[in-house]
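Inspection log for the structure reproduced underneath, given as structure tokens.
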Amino acid sequence: MRIGDVARMLAVSTATIRRIEALGLVKAPLRDRNDQRRYTDKDVEAIRRVLYNREAEAAPPGATASPRSDRVGQLVTRLKEGRDRAKEDPA
């Protein structure tokens, strides 16, 4: 996935993702021949965890997960299910 795809999936800007990488909170993804970032599912999950932890630190004691992080989890699950279905039915 490209950085724009990840940003849309996680409902953040590409600048936010670049900043998380620049701060060393996640390792930089591999790059393709054109030097564009290419994110794996593991990369996306690592960024999601950073975003979730940032929200959790700002939340009052006893608060539950944010609706945004719940939505991200649902979207990742749907994406994985769709990918699995596409592998099963190559037509």
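Among the residues of region 15-46, those that are part of a loop (DSSP other than H, G, I, E, B) and either of a type in the set (D, E, K, R) or surrounded by 15 or more Cβ atoms within 10 Å (Cβ to Cβ) (or both) comprise LEU25, VAL26, LYS27, PRO29, ASP32, ARG33, ASP35, TYR39.
Restricting to region 39-58, what's the tally of residues that are out of contact with any Ser or Thr (no Cβ under 9 Å at 6 or more places or on another chain) and modelled with pLDDT under 60? The total comes to 2. Could you tell me whether any residue of region 22-30 is modelled with pLDDT under 90 and among the β-branched types (Val, Ile, Thr)? So far as region 22-30 goes, no, none of its residues is modelled with pLDDT under 90 and among the β-branched types (Val, Ile, Thr). Any chance region 59-72 includes a residue that's part of a helix (DSSP H, G or I) and at pLDDT 80 or above? Among the residues of region 59-72, not one is part of a helix (DSSP H, G or I) and at pLDDT 80 or above, which makes the answer no.
Figure legend. Inter-residue proximity from region 28-47: first residues without any contact (Cβ under 8 Å) to a residue 60 or more places away in the chain and farther than 21 Å from VAL72 by Cα, second residues surrounded by fewer than 15 Cβ atoms within 10 Å (Cβ to Cβ) and among the polar types (S, T, N, Q), beta-carbon distance below 9 Å, spacing 6+ or different chains. Indicated pairs: LEU30/THR40. Take the conditions (1) outside any loop (DSSP other than H, G, I, E, B); (2) in contact with a Phe, Trp or Tyr (Cβ under 8 Å, 6 or more places away or on another chain); GLY4 misses just one of them, which is (2).
The values are calculated or read from the model by the stated rules, or taken from the named source; none is laboratory data. Model, not experiment: these values are computed from the prediction. Every residue, glycine as well, gets a Cβ built from its backbone with ideal geometry; the counts of neighbours run over all protein chains shown.
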